[in-house]
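Worksheet: one structure, shown below.
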Amino acid sequence: MPQGDSKAIDVKVVEKKFDNAVILPEAIRIVNEGHTVTLPLKGFSMRPFLEDGRDKALLTKVTTLKVGDPVLAETYPSHYVLHRIIKIDGDNVVLRGDGNLSNEYCRVEDVKAAVIGFYRKGRNTLDRTDGRKWRIYSFFWMHLSPVRRYLLAFYRRIWLRLFR
């Protein structure tokens with residue numbers, strides 16, 4: 001195109017949504033090949049830090065597992081969750097979403113991907129799970145278990161109505 005000629009190019013963005021049962025096995029395959037995958041989050045199990053449809057997780061291949069790590073795990077065939085590790089006992093892993101009050105369980109081999117960070121609130125900068133901000137948040141949130149029920153109720157019933 002000659003200099004000075006400027007033509008607007010119309011680009012139509014088409015967004016498609018897929019069921020987790022369809023997209024997650026493909027994402028896991030890509031992660032197992034050594035690549036990272038950015039996955040839009042669905043569901044409310046990681047509230048109040050992460051929101052459905054707003055935030056994204058950056059997944060990578062699992063190298064080590066430790067308590068406090070967020071992971072993508074298959075809790076039963078074709079049912080995947082992105083939760084935090086609460087406990088590791090041999091080959092058994094106990095998981096809980098930050099917005100959940102009950103635990104879910106899997107085996108070490110059912111942990112399909114590690115989360116190295118989150119893109120939150122439409123930002124392009126990664127909140128890394130090994131960063132100071134995430135570690136401080138994780139420490140406090142994991143130790144608030146006895147009062148978490150009340151904090152989550154406040155968040156859902158009052159906070160979201162005021163600030164959403």
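None of the figures in this text is laboratory data; all of them are computed from the coordinates on show. Note that the structure is a prediction, hence the values are computed from the model and not measured. Here the Cβ is made from the backbone with ideal geometry for all residues, glycine too, and neighbour counts use every protein chain on show.
Numbers for the structure displayed
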read-out: Residue of V11, V81, V31 that the Gaussian network model of the chain assigns the largest fluctuation, springs spanning Cα pairs under 10 Å; value: V11
read-out: Karplus 3J(HN,Hα) series, Hz, for the stretch 29-43 with 6.51 cos²θ - 1.76 cosθ + 1.60 (x for Gly, Pro); value: 4, 5, 4, 5, 7, x, 9, 9, 10, 9, 10, x, 8, 10, x
read-out: Choice from A153, A113, A27 showing the highest fluctuation, given a GNM over the chain with Cα pairs closer than 10 Å; value: A153
read-out: Cα gyration tensor of the stretch 1-144 - equivalent ellipsoid semi-axes, whole Å, descending; value: 32, 18, 14
read-out: Derived scalar couplings ³J(HN,Hα) [the stretch 136-141; Karplus, 6.51 cos²θ - 1.76 cosθ + 1.60; whole Hz; x for Gly, Pro]; value: 5, 4, 4, 4, 5, 5
read-out: Pair N124, L144: separation of 7 Å Cα→Cβ label points (nm); value: 3.2
read-out: Candidate aspartates and glutamates for bridging to K16, where Cα separation is under 20 Å - those fewer than 8 sequence places away on the same chain excluded; value: E26, E51, D52, D55
